[in-house]
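Worksheet for the structure shown next.
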Amino acid sequence: LLALLRSALQSFPTSGELWYLFGVVTQLWDREPGFRASDSLAAYQKAIDYDPTNFDACENLAYVYDTYFDDFPNAQKHFRRAIELGAGADSYIGLARVLAQMDQMKQALEMLALAIENAHVRAKELVA
């Protein structure tokens, strides 16, 4: 799958969606030999460079900063951007986790409340 994505990226190097998919695939293999979190980080950043409205790439980039690099300020920045672009409860939860790790408990609890509220709104939209 990685070989196929690499080939597609050679043909379409400015495709934000392909860079996003490359980031997803490399991140899914994080327990495999040769995995480098920096590959996922770079792929998500390119996805955002080519499509600044891709909230999934922003959210995943935030998780990479948080999970693999303990870079909480960058994780916070990208979770907030994902939320601005319309991401769902996962971004609120991720942001809450980052804020808690930064000892900003009040804001973390506020984000969890917003995650619950956002999830209810999405559920209502699905039922309607």
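The values are calculated or read from the model by the stated rules, or taken from the named source; none is laboratory data. This one's a predicted model, so the numbers in the text were calculated from it and none came from an experiment. Glycine also receives a Cβ, built like all others from the backbone with ideal geometry; neighbour counts cover every protein chain displayed. For accessibility, only protein heavy atoms count, side chains too; no ligands or nucleic acids. Shrake-Rupley method; radii C 1.70, N 1.55, O 1.52, S 1.80 Å.
Whether any residue in region 46-68 is under 13 Å from the mean Cα position of the chain (by Cα), among the aliphatic types (A, V, I, L, M) and more than 15 Å from residue 20 (Cβ to Cβ) is what I want to check. Within region 46-68 (the criterion being under 13 Å from the mean Cα position of the chain (by Cα), among the aliphatic types (A, V, I, L, M) and more than 15 Å from residue 20 (Cβ to Cβ)), the answer is no, since none of the residues qualifies. Checking each residue in region 33-59 for being of a type in the set (S, T, N, Q) and open to solvent by 30 Å² or more (accessible area, probe 1.4 Å) picks out 38, 45, 53.
As a summary of the residue check, residue 70 satisfies the conditions (1) at pLDDT below 95; (2) open to solvent by 40 Å² or more (accessible area, probe 1.4 Å) except for the one numbered (1).
If we keep just the residues of region 1-60 that are among the aromatic types (Phe, Trp, Tyr) and outside any loop (DSSP other than H, G, I, E, B), which is farthest from residue 90 (Cα to Cα)?
Filtering region 1-60 down to residues among the aromatic types (Phe, Trp, Tyr) leaves 12, 19-20, 22, 29, 35, 44, 50, 55.
Among the residues that remain, those that are also outside any loop (DSSP other than H, G, I, E, B) are: 19-20, 22, 44, 50, 55.
Working: 19: 21, 20: 17, 22: 20, 44: 17, 50: 23, 55: 11 Å.
Per the criteria, the residue is 50.
Just a yes or no: is a residue in region 84-102 modelled with pLDDT of 90 or more, part of a loop (DSSP other than H, G, I, E, B), more than 11 Å from the chain's Cα centre (by Cα) and aliphatic (A, V, I, L, M)? Yes, region 84-102 contains at least one residue that is modelled with pLDDT of 90 or more, part of a loop (DSSP other than H, G, I, E, B), more than 11 Å from the chain's Cα centre (by Cα) and aliphatic (A, V, I, L, M). Any idea which residue in region 76-94 is most open to solvent (accessible area, probe 1.4 Å), counting only those that are closer than 13 Å to residue 60 by Cα and among the charged types (D, E, K, R)? Selected residue: 77. Close contacts from region 16-39, counting a first residue that is without any contact (Cβ under 8 Å) to a residue 60 or more places away in the chain and a second that is surrounded by 14 or more Cβ atoms within 10 Å (Cβ to Cβ) and charged (D, E, K, R), with Cβ to Cβ under 6 Å and a gap of 6+ residues or different chains, come to 16/51; 19/46; 26/39.
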